[in-house]
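Participant: The structure under discussion is supplied below as structure tokens; questions concerning it will follow.
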Amino acid sequence: GENVEQHPSTLSVQEGDSAVIKCTYSDSASNYFPWYKQELGKRPQLIIDIRSNVGEKKDQRIAVTLNKTAKHFSLHITETQPEDSAVYFCAASISGGYNKLIFGAGTRLAVHP
Amino acid sequence: ETGVTQSPTHLIKTRGQQVTLRCSSQSGHNTVSWYQQALGQGPQFIFQYYREEENGRGNFPPRFSGLQFPNYSSELNVNALELDDSALYLCASTRGRGGDYEQYFGPGTRLTVT
């Protein structure tokens, strides 16, 4: 069935270190993979996305990689800062001509000064 | 911040009651999706509306229904509320119904069913 697995569920790093979150999806027809950051009590905020015709995308300190063969995609945050602390969700689109996203269970990232 | 707004912010209802949640989409966006986010979990797709018609549905029972209006705003209606319906309800607007359009979320409505 439709499924996105996300690891790790929690991640603790020191300020300045890198953080990597990994996701695996099940629907081989998925072609869009967004990442959302959700701070406590706030809306999920789209921070970066990647489409299936691209293998890597970077935006300042964040980057996303996609391996369609293995059905894996990952979020990389470099030079982490305390304000990066939040829950991060990966998602994958589901084929069918509509905007259904399947979300992972989330990764709680804590960046310690 | 996105231009997506939702009302009300919080709501407390009793089991068996009915509730209506509202969403205004971002300017230029004609498609609205609704998601349910239980505490500590990722959002789950309820359904999507495009041009005032339901255009895709997740694994939610028929007591979850919706509407989209000509100005692309939307409502989510839930009948016969159950305790498990307690969650954050998010709407997301997009500029098209295709699977690779960006979705921008509103702030959500926190529903508590007692």
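Participant: Pick out, from the range A:1-55, the strands (runs of 3 or more DSSP E) lying fully within it that include 3 or more residues that are closer than 28 Å to residue A:113 by Cα.
Facilitator: Values: elements: A:4-7, A:10-14, A:19-25, A:32-38, A:45-51.
Ranges flagged: A:10-14, A:19-25, A:32-38, A:45-51.
Participant: Out of the residues in the range A:64-113 that are part of a loop (DSSP other than H, G, I, E, B) and within 12 Å of residue A:30 (Cβ to Cβ), state the one that is nearest to the chain's Cα centre (by Cα).
Facilitator: Initial filter on the range A:64-113 (part of a loop (DSSP other than H, G, I, E, B)): A:68-71, A:78-81, A:85, A:94-100, A:104-106, A:113.
Now restrict to residues that are within 12 Å of residue A:30 (Cβ to Cβ): A:68, A:71, A:94-96, A:100.
Working: A:68: 15, A:71: 13, A:94: 16, A:95: 19, A:96: 22, A:100: 16 Å.
Selected residue: A:71.
Participant: Find the residue count for the range B:43-95, including only residues that are over 22 Å from residue A:38 (Cα atoms) and at the interface with another protein chain (Cβ under 8 Å from one of its Cβ atoms).
Facilitator: The qualifying residues number 4.
Participant: Pick out, from the range B:1-97, the strands (runs of 3 or more DSSP E) lying fully within it that include 3 or more residues that are within 29 Å of residue A:1 (Cβ to Cβ) and among the aromatic types (Phe, Trp, Tyr).
Facilitator: Values: elements: B:5-7, B:10-13, B:19-24, B:31-37, B:44-50, B:53-57, B:64-68, B:74-78, B:87-94.
Ranges flagged: B:44-50.
Participant: Oh, and also: Looking only at the range B:38-61, decide whether some residue is within 22 Å of residue A:46 (Cβ to Cβ), in contact with a Cys (Cβ under 9 Å, 6 or more places away or on another chain) and surrounded by 20 or more Cβ atoms within 10 Å (Cβ to Cβ).
Facilitator: yes
Participant: Could you tell me how many of the residues in the range A:79-96 are over 18 Å from residue B:91 (Cα atoms) and facing chain B (nearest Cβ under 7 Å)?
Facilitator: So the answer is 2.
Participant: Exactly one condition in (1) modelled with pLDDT of 95 or more; (2) within 10 Å of chain A (Cβ to nearest Cβ) is not met by residue B:114; state its number.
Facilitator: The one condition residue B:114 does not meet is (2).
Participant: If we scan the range A:47-56, do we find a residue that is at pLDDT below 95 and of a type in the set (Lys, Arg)?
Facilitator: Yes, the range A:47-56 has at least one match.
Participant: So which residues in the range A:1-46 are among the small types (Gly, Ala, Ser) and within 13 Å of chain B (Cβ to nearest Cβ), if there are any at all?
Facilitator: Looking only at the range A:1-46, we keep the residues that are among the small types (Gly, Ala, Ser), and these are A:1, A:9, A:12, A:16, A:18-19, A:26, A:28-30, A:41.
If the condition is that a residue be among the small types (Gly, Ala, Ser) and within 13 Å of chain B (Cβ to nearest Cβ), then A:1, A:9, A:29, A:30, A:41 are the ones that fit.
Participant: Determine the pairs where a residue that is touching a residue at least 40 places away in the same chain (Cβ under 8 Å), located within the range B:20-38, has a partner that is assigned to a strand (DSSP E or B) and among the acidic types (Asp, Glu) with Cβ atoms under 8 Å apart, the partner being 6 or more residues away or on another chain.
Facilitator: B:20/B:75; B:21/B:75; B:22/B:75; B:23/B:75
Participant: Next question. Can you tell me which of B:66, B:16 is modelled with pLDDT of 95 or more, exposed (fewer than 14 other Cβ atoms within 10 Å of the Cβ) and in contact with an Asp or Glu (Cβ under 9 Å, 6 or more places away or on another chain)?
Facilitator: Answer to the selection: B:16.
The values are calculated or read from the model by the stated rules, or taken from the named source; none is laboratory data. Because the structure is a prediction, the values reported are computed rather than measured. So basically every Cβ, Gly included, is an ideal-geometry build from the backbone, and we count neighbours across all protein chains shown.
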